[in-house]
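First up is the structure itself, then whatever we jot down about it.
The values are calculated or read from the model by the stated rules, or taken from the named source; none is laboratory data. Keep in mind that what you see is a predicted model, and the values were worked out from it rather than measured. Using ideal geometry, Cβ is built from the backbone for each residue, glycine included, and neighbour counts are taken over all protein chains shown.
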Amino acid sequence: MDLDIERLLRAVERTVSSLEHDGQAARAVTLARSYATTVEDLWDAVTSAKRIPRWFLPVSGRLELGGRYQLKGNAGGTITHCERPSYLGLTWEFGGEVSWVEARLRSDGTGRSRLTISHTTLVTDHWHKFGPGAVGVGWEMGLLGMELHLTQPKEPKLDGATFHTTRVGKALIVGSSAAWGRAAEAAGTAPDVACAAAQRTTAFYTGDTVVSD
């Protein structure tokens, strides 16, 4: 598939912010982009068990307030907030650690809607090593999946197991990792630290390059 990588990278707004969660230092990684659809349709794509696998990952569980969900081969958790069609909150439980995800939806002009995803994680060794790109790049792949689902609903979904090995996939990962490095720097991270974390993130997602610490 031929994709306009520069357009896709420009379409995403990226911010990193510092905060506390239950008295512990945390960081919120936030992505936002606009889609040519209604808020109601976008909400359905974000919350429907039938549609989530078409742009993200297969999901099981009870997709309602208080219910638990499980993404195949990835995170699970509890749905903590559900305000149709504008706000969804859930825990993100993976690898023995818990973080928190929020999705906000709103109108973005005639015939368009904006999706904003914030992923809040505690500041751990993992954060120091990879920075915001650890979750930011993954969510960015999801935002791409959403665009393709909304604009080409009858086309096969990108193969998540091999996309990172393709020319387009690698280019998107490299560009996204670098953009998250710049977002980290804008949030106060030292340039050399942000750059090194971005390089480790690229290596993690592509599997091509081993970057020494």
Report task. Would you point out which residue out of ASP208, ASP159 is without any contact (Cβ under 8 Å) to a residue 24 or more places away in the chain and either more than 24 Å from ALA26 (Cβ to Cβ) or not in a helix (DSSP H, G or I) (or both)? Result -> ASP159
Query raised in the report: For the range 162-185, how many residues meet the condition of being surrounded by 14 or more Cβ atoms within 10 Å (Cβ to Cβ) and in a loop (DSSP other than H, G, I, E, B)?
Result: 1
Query - Members of the range 116-136 that are under 18 Å from PRO191 (Cβ atoms) and either at pLDDT below 95 or among the hydrophobic types (A, V, I, L, M, F, W, C) (or both) - result: TRP127, PHE130
Query raised in the report: Of all residues in the range 45-69 being in contact (Cβ under 8 Å) with a residue 24 or more places away in the chain and of a type in the set (A, V, I, L, M), which is farthest from PHE94 (Cα to Cα)?
Result: ALA45
Query - Tabulated pairs, the range 86-112, first without any contact (Cβ under 8 Å) to a residue 60 or more places away in the chain and part of a loop (DSSP other than H, G, I, E, B), second surrounded by 17 or more Cβ atoms within 10 Å (Cβ to Cβ) and aliphatic (A, V, I, L, M), C-beta under 9 angstrom, 6+ apart or interchain - result: SER86/VAL39; SER86/LEU105; GLY95/ALA75
Query raised in the report: Just one of the numbered conditions (1) closer than 23 Å to TRP127 by Cα; (2) modelled with pLDDT of 95 or more; (3) acidic (Asp, Glu) is not true of ASP22; which one?
Result: (2)
Report task. For LEU148, state whether it is part of a helix (DSSP H, G or I), more than 10 Å from the chain's Cα centre (by Cα) and over 20 Å from GLY77 (Cα atoms). Result -> yes
Query raised in the report: Taking the range 2-19 only, how many residues are among the acidic types (Asp, Glu) and modelled with pLDDT of 95 or more?
Result: 2
Report task. Count, please, the residues in the range 162-188 that happen to be closer than 17 Å to VAL123 by Cα and either touching a residue at least 60 places away in the same chain (Cβ under 8 Å) or aromatic (Phe, Trp, Tyr) (or both). Result -> 5
Report summary line: For the range 101-128, the count of residues that are over 14 Å from GLU40 (Cβ atoms) and either basic (Lys, Arg) or surrounded by fewer than 18 Cβ atoms within 10 Å (Cβ to Cβ) (or both) equals 11
Report summary line: When (1) in a helix (DSSP H, G or I); (2) at positive phi are applied to GLY188, the one that fails is (1)
Query raised in the report: For the range 13-36, what are the residues that are touching a helix residue (DSSP H, G or I) at 6+ places or on another chain (Cβ under 7 Å) and buried (at least 19 other Cβ atoms within 10 Å of the Cβ)?
Result: ARG14, VAL16, ARG27, VAL29, LEU31, ARG33, TYR35
